[in-house]
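Peer 1: What follows is a structure written as structure tokens; I'll ask about it next.
The values are calculated or read from the model by the stated rules, or taken from the named source; none is laboratory data. What you see is a predicted model, and the numbers here were worked out from it, not measured in a lab. Cβ placement follows ideal geometry from the backbone for every residue including glycine, while neighbour counts extend to all protein chains displayed.
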Amino acid sequence: MNVISEAYQSWSIAERMLLFMLIAPLLGGALAGIDRVASARLQGRCGPPVLQPFFDVFKLLRKERIIVNKVQDFPIVLFLLFTIFSGALFFAGADLLLTIFSLALAGTFLILGAFSVSSPFSHLGAEREIIQMVAYEPMVILVAVGMYQVTGSFNVGAIASYQAPLILYLPGVFAGFVYILTIKFRKSPFDLSMSHHAHQEIVRGITTEFSGPALALIEIAHWYENVLLLGMVYLFFAFTPWLGLGVALATFFLEIFIDMNYARFKWQLTFLSSWLFTAVAGVSNIIVLSLMK
Amino acid sequence: MTALLFLILFPLAVSFLALVPPHSLAFRKAVGACVNVTLCAVPIYLLITNLERGAAYFHVESKLIDVGMLFAELFIAVFIVYVSVRAKRYIPVLLVVVQTAIMVTFEFTSGHGMQVEHSLFVDKFSIIMALIIGIIGSAICLYAIGYMPEYHEHYEEVKDRRRYFAFLLYLFLSAMFGIVFSNNLMWIYFFWEVTTVCSFLLIGYRDDKASRESAFRALNMNLLGGVVFSVGLFTLYSTSGIMELDKLLLADKGSILLPAVCFAFAGLVKSAQFPFCSWLTGAMVAPTPVSALLHSSTMVKAGVYLILRVAPVMENTVAAQMLTLVGGVSFLVTALIAISQSNAKKVLAYSTISNLGLIVACAGVNTDAAVWSAILLIIFHAVAKSLLFLCVGIIEYKLGSRDIEDMDYLILRLPKLTAIMMVGMAGMFLAPFGMIISKFVTLKAFVESTPVMAIILAYGSAATIFFWTKWMGKIISIKHGVAEVMEHRVSNWEWITLGMLAVVTVAVSLGFPFISFHVINPYLTELFGTIPVVDSFNVLMVSVIMLGLLIILPLGLLYYAFIDKNYKRVGTYLGGGNIDNTTFEGAMASVRTIELKNYYLENYFGEERLINVGVFVSLTLTFIMFGVAVI
């Protein structure tokens, strides 16, 4: 582990960014493959090979482009670009807030893409995606706030090298973050705008009118995003790297487990429960921290 | 000093010129353009000449002016009484009488001995305000010249009082320059009252039941603010003998807390913060240039300007905390209410209050970082919001509606206008634009001083994303087939102002490091002795995103619209056999039409419910603010 962190320290920001761009999709794709196998096993199926997500994406990329309007693919390209950019910022050790805002920008592009095709299904998906975004955004910002309160910096590098385990100060914030992570991972019960599970819907919400290469881009962006989110989980435990990696992986499996065990919530419940959980777990943690100072 | 006097007197002269009867539209446009250029040029000149200098104070032989102002105030009072009595409304009469009684007593008891050393001053913050008033204000006046004829074509029943309208707009500009350049508090108060009256008359321009109602509501609330302002002046002079803004900061802070709170209260009313936010949403009945000029970019900014000026006096008091919380409540609650609104102008109004709330909260926190972001918020908001108002004003006549739900496929019907609107909206909340940079620093400032505000900001930002994104989504949806293009009906005159403001929106977002370094930081150094450290890597990254978008967006759109031919185009999936883009054949050979509507979540964010919550909470906070000041 020390070798890795020393190597990381020696790279420049540009090198770190580049490395993230290359490794993250491999990692994200592999995680997606593991996800599918694990889900299948939980359902008593055998499941596809672990590399199946890569096969899917390669196949999608080769397919004919079928579109309903000329510019609909452009927001998707921007969605991918900005997702990569925010992940790169994070793993380069730059500003956590900037990462969050840039990720929100990426999300906005996806929503705008879905709106622009003006199909009723993707319209509904987009509306729900906004609600999801509103549901998780406060908690994501509070993660940054909490980390700043403890470490005195928004800088990911500084937070990661802080001389105490963050989780001891931020258990509530961490719990809240794990809660909204289910939304970000697009897992049931919060997979309102689009779902990984074919049995839940006939028309796939936000991506209804996106097929072939555009759909592949959305999938790749999702891989990048997942890696970034697990990176944020890691940050809570960065004091002991092995533990951090373990918890990040455990969180990932927990999300799969939750995904398998819940039916989809309505948006009302999704929205209210997220805000309430954010308030109970996140806000209380922040206030306690501010009183401790 | 000449430049300052010129900026105050020149619009005043223009306003009287506007009253002069004849002249063709072309002539008025020519004059308007000249005035516009002058009003842009002089503040820029002021900026350049003062770039290296600190604040400068000027003595003005003011005996005669003071008498003149007193008479003008009396005239205004009589005028308000006359108008109110004629409309059978007696609250304004009462308020005016109280206010005039206070001021006249004040004048006679202490007017003779009063020595005002410097009546006018200019520092970096005033220059920023002057630039906003000069550039945005005069651009909106220019737009109004083209807009009003169309307004009267649409509302034939409204009496055509164009000249009177132009008179009020330029008079208002003059008063605004007066507010930001006056060091003499009596002068600020005088100009403050002039803006109140202008706002009242402009809101009531249509002269029907709804607009009279709104106009009087605005008048009542702003007069209440004026009464408290005058009480502040009275107590300030009787306790400390101060009548100047700069001396306020040097005085013993404990003894002048009450006046400072009074001024802050007047500022809260002017900026339409809770519990007084209802006058601003009511004011949306006014013609669009009025909403853009008075109720988003300039007049409401006078409120936060005053609050920012007096905030140092309240530093580290409970009163300041209450001020912060009032701002926070206004920010959060109005952002939530905006989700439930489908009237475009109302969404803009609520978002204005929301942003002003954030500025007020920053003023309450009053650290270098907070004030830094407050000033940037003022700039970014003024530019982007006025742009949006002007766009909505045009859309309203082209579509015959100001309801967001009627703006389907706007990008097909008014493509260029939609593009400009997207710039404005992105300017309000998306990452590379300036607003986000100030939120960034604001968050930092809040975490360090009042973590409760950081939480409010987290929730409020989420709400902000909601209402902007769904509106953006509405206007960029595209359908297959023909849509009626109505863009050619937008006059060149309106394009010029829109283009100007759009360029300024992008320019301030790109140029904010310059603004920060040369204008805001020197001001903060004078005030605090320190400047906030903004991570230069972040600034660089934000600029990279901004530049990236500026390059990628046009190129990408160009590529997808014209070059890219490698696709198969189909109709959208509607759940049956498509007949055309919006109708399909469903089960049992039924023909169904689709309609796409946005979510408004009335049950959660309904206006009435939340307004009551906000009013009660903020009233309590305001009472506490006064309570601790009186004790």
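Peer 1: Against the definition (closer than 21 Å to A:Leu235 by Cα, surrounded by fewer than 23 Cβ atoms within 10 Å (Cβ to Cβ) and either at pLDDT 90 or above or more than 13 Å from every other protein chain (Cβ to nearest Cβ) (or both)), how does A:Pro171 come out, yes or no? Break it down stepwise before answering.
Peer 2: Numbers: closer than 21 Å to A:Leu235 by Cα: yes; surrounded by fewer than 23 Cβ atoms within 10 Å (Cβ to Cβ): yes; either at pLDDT 90 or above or more than 13 Å from every other protein chain (Cβ to nearest Cβ) (or both): yes.
In short, yes.
Peer 1: Can I ask one more? For B:Met176, all conditions in the list (1) closer than 20 Å to B:Pro43 by Cα; (2) touching a strand residue (DSSP E or B) at 6+ places or on another chain (Cβ under 7 Å) hold save one; what is the number of the exception?
Peer 2: All conditions pass for B:Met176, except number (2).
Residues checked against (1) touching a helix residue (DSSP H, G or I) at 6+ places or on another chain (Cβ under 8 Å); (2) without any contact (Cβ under 8 Å) to a residue 60 or more places away in the chain:
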position	(1), (2)
A:Ile141	yes, yes
A:Ala144	yes, yes
A:Gln149	yes, no
A:Phe154	yes, yes
A:Gly157	no, no
A:Leu166	yes, no
A:Lys184	yes, yes
A:Lys187	yes, no
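Peer 1: I've got another one for you. Of the residues B:Gly575, B:Gly571, B:Gly614, B:Gly556, which is within 27 Å of A:Leu61 (Cα to Cα), surrounded by 13 or more Cβ atoms within 10 Å (Cβ to Cβ) and in the same structural domain as B:Ser438 (by TED's automatic domain parsing)?
Peer 2: B:Gly556
Peer 1: Would you check which residues across the stretch A:58-97 are free of Cβ contacts under 8 Å to residues at least 40 places away in the same chain and facing chain B (nearest Cβ under 9 Å) and list them?
Peer 2: If the condition is that a residue be free of Cβ contacts under 8 Å to residues at least 40 places away in the same chain and facing chain B (nearest Cβ under 9 Å), then A:Lys70, A:Phe74, A:Leu78, A:Leu81, A:Phe82, A:Phe85 are the ones that fit.
Peer 1: Check A:Gln132 against each of (1) of a type in the set (S, T, N, Q); (2) more than 20 Å from A:Val178 (Cβ to Cβ); (3) more than 8 Å from chain B (Cβ to nearest Cβ) and name the one condition it does not meet.
Peer 2: Checking A:Gln132 against (1) of a type in the set (S, T, N, Q); (2) more than 20 Å from A:Val178 (Cβ to Cβ); (3) more than 8 Å from chain B (Cβ to nearest Cβ), the one that fails is (2).
Peer 1: Moving to a separate point now. Just to check your reading of the model, which residue among B:Ser516, B:Ser509, B:Ser491 is out of contact with any His (no Cβ under 8 Å at 6 or more places or on another chain), among the hydroxyl-bearing types (Ser, Thr, Tyr) and within 14 Å of chain A (Cβ to nearest Cβ)?
Peer 2: On the way: B:Ser516 fails: within 14 Å of chain A (Cβ to nearest Cβ); B:Ser491 fails: within 14 Å of chain A (Cβ to nearest Cβ).
One residue alone meets the criteria, B:Ser509.
Peer 1: Can I ask one more? Hey, A:Ala114 hits all of (1) assigned to a helix (DSSP H, G or I); (2) free of Cβ contacts under 8 Å to residues at least 12 places away in the same chain; (3) under 16 Å from A:Ala214 (Cβ atoms) but one; which does it fall short on?
Peer 2: (2)
Peer 1: Now a separate question. Determine if the stretch B:294-315 includes at least one residue that is under 13 Å from the mean Cα position of the chain (by Cα), outside any helix (DSSP H, G or I) and buried (at least 24 other Cβ atoms within 10 Å of the Cβ).
Peer 2: Yes, because at least one residue in the stretch B:294-315 is under 13 Å from the mean Cα position of the chain (by Cα), outside any helix (DSSP H, G or I) and buried (at least 24 other Cβ atoms within 10 Å of the Cβ).
Peer 1: So, A:Leu42, is that one in contact with a Pro (Cβ under 7 Å, 6 or more places away or on another chain), farther than 19 Å from B:Ala426 by Cα and surrounded by fewer than 24 Cβ atoms within 10 Å (Cβ to Cβ) or not?
Peer 2: Considered against the rule, which asks whether it is in contact with a Pro (Cβ under 7 Å, 6 or more places away or on another chain), farther than 19 Å from B:Ala426 by Cα and surrounded by fewer than 24 Cβ atoms within 10 Å (Cβ to Cβ), A:Leu42 comes out as no.
Peer 1: Here is a check on your reading of the model: is B:Arg53 farther than 18 Å from B:Gly178 by Cβ, outside any helix (DSSP H, G or I) and not assigned by TED's automatic domain parsing to the domain that holds B:Leu376?
Peer 2: Numbers: farther than 18 Å from B:Gly178 by Cβ: yes; outside any helix (DSSP H, G or I): yes; not assigned by TED's automatic domain parsing to the domain that holds B:Leu376: yes.
Considered against the rule, which asks whether it is farther than 18 Å from B:Gly178 by Cβ, outside any helix (DSSP H, G or I) and not assigned by TED's automatic domain parsing to the domain that holds B:Leu376, B:Arg53 comes out as yes.
Peer 1: Do any helices (runs of 4 or more DSSP H) entirely within the stretch B:60-144 hold 3 or more residues that are more than 29 Å from the chain's Cα centre (by Cα), and if so, which?
Peer 2: On the way: elements: B:63-86, B:91-110, B:124-131.
Per the criteria, B:63-86, B:91-110.
Peer 1: Got a number for residues in the stretch B:582-631 being over 26 Å from the mean Cα position of the chain (by Cα) and not in a helix (DSSP H, G or I)?
Peer 2: Result for the stretch B:582-631: 17.
Peer 1: Only one residue in A:Arg36, A:Arg45, A:Arg16 is outside any helix (DSSP H, G or I) and either away from chain B (no Cβ under 12 Å) or more than 30 Å from B:Tyr409 (Cα to Cα) (or both). Which one?
Peer 2: The match here is A:Arg45.
Peer 1: Next question, about the same structure. For B:Ser351, state whether it is in contact with a Lys or Arg (Cβ under 8 Å, 6 or more places away or on another chain) and either hydroxyl-bearing (Ser, Thr, Tyr) or in the same structural domain as B:Met284 (by TED's automatic domain parsing) (or both).
Peer 2: On the way: in contact with a Lys or Arg (Cβ under 8 Å, 6 or more places away or on another chain): yes; either hydroxyl-bearing (Ser, Thr, Tyr) or in the same structural domain as B:Met284 (by TED's automatic domain parsing) (or both): yes.
Judged against the criteria, B:Ser351 is a match.
Peer 1: Of the residues B:Phe263, B:Phe229, B:Phe216, B:Phe234, which is among the aromatic types (Phe, Trp, Tyr) and surrounded by fewer than 20 Cβ atoms within 10 Å (Cβ to Cβ)?
Peer 2: Only one candidate passes the filter, namely B:Phe234.
Peer 1: Is there any pair linking a residue in the stretch B:361-384 that is at negative phi and assigned by TED's automatic domain parsing to the domain that holds B:Glu526 to one that is of a type in the set (Phe, Trp, Tyr) and assigned to a helix (DSSP H, G or I), with Cβ under 6 Å and at least six apart or on different chains, and which?
Peer 2: B:Asp368/B:Phe528
Peer 1: Among the residues of the stretch B:595-611, write down those that are within 10 Å of chain A (Cβ to nearest Cβ) and surrounded by fewer than 18 Cβ atoms within 10 Å (Cβ to Cβ).
Peer 2: Result: B:Glu595, B:Lys597, B:Tyr599, B:Leu601, B:Asn603, B:Tyr604.
Peer 1: Still on this structure, please answer the following. What helices (runs of 4 or more DSSP H), lying completely within the stretch B:396-488, carry at least 2 residues that are in contact (Cβ under 8 Å) with a residue 12 or more places away in the chain, within 12 Å of another protein chain (Cβ to nearest Cβ) and basic (Lys, Arg)?
Peer 2: By residue number, B:434-449, B:451-476.
Peer 1: Determine which single condition B:Leu524 fails, assuming it passes every other condition in (1) under 29 Å from the mean Cα position of the chain (by Cα); (2) modelled with pLDDT of 85 or more; (3) within 13 Å of chain A (Cβ to nearest Cβ).
Peer 2: Here B:Leu524 clears every test but (3).
Peer 1: Confirm whether A:Ala94 is crowded, with 22+ Cβ neighbours inside 10 Å and at pLDDT below 90.
Peer 2: Answer is yes for this residue.
Peer 1: Kindly check whether there is at least one residue in the stretch B:227-241 that is without any contact (Cβ under 8 Å) to a residue 12 or more places away in the chain and in a helix (DSSP H, G or I).
Peer 2: Checked the stretch B:227-241: no residue is without any contact (Cβ under 8 Å) to a residue 12 or more places away in the chain and in a helix (DSSP H, G or I).
Peer 1: Please give the number of the condition B:Lys88 fails out of (1) at pLDDT 90 or above; (2) more than 22 Å from B:Leu169 (Cα to Cα).
Peer 2: B:Lys88 satisfies all of (1) at pLDDT 90 or above; (2) more than 22 Å from B:Leu169 (Cα to Cα) except (1).
Peer 1: Let me ask another. Checking A:Ser122 against (1) more than 7 Å from chain B (Cβ to nearest Cβ); (2) of a type outside the set (Val, Ile, Thr); (3) not in a helix (DSSP H, G or I): exactly one of these is not met. Which one?
Peer 2: (3)
Peer 1: Quick one: in the stretch B:545-575, of everything that is assigned to a loop (DSSP other than H, G, I, E, B) and free of Cβ contacts under 8 Å to residues at least 60 places away in the same chain, which residue is farthest from A:Leu81 (Cα to Cα)? Steps first, please.
Peer 2: To start, the set of residues in the stretch B:545-575 that are assigned to a loop (DSSP other than H, G, I, E, B) comprises B:564-567, B:570-575.
Now restrict to residues that are free of Cβ contacts under 8 Å to residues at least 60 places away in the same chain: B:564-567, B:570, B:573-575.
Details: B:Asp564: 19, B:Lys565: 22, B:Asn566: 22, B:Tyr567: 22, B:Val570: 26, B:Tyr573: 27, B:Leu574: 30, B:Gly575: 32 Å.
Selected residue: B:Gly575.
Peer 1: Can you tell me which residue in the stretch B:249-276 is nearest to B:Ala215 (Cα to Cα), limited to those that are among the small types (Gly, Ala, Ser) and either in a helix (DSSP H, G or I) or touching a Leu at 6+ places or on another chain (Cβ under 8 Å) (or both)?
Peer 2: Per the criteria, the residue is B:Ala272.
Peer 1: Right, another one. Looking at the stretch B:337-372, which of its residues are within 30 Å of B:Gly529 (Cα to Cα) and part of a loop (DSSP other than H, G, I, E, B)?
Peer 2: B:Asn366, B:Thr367
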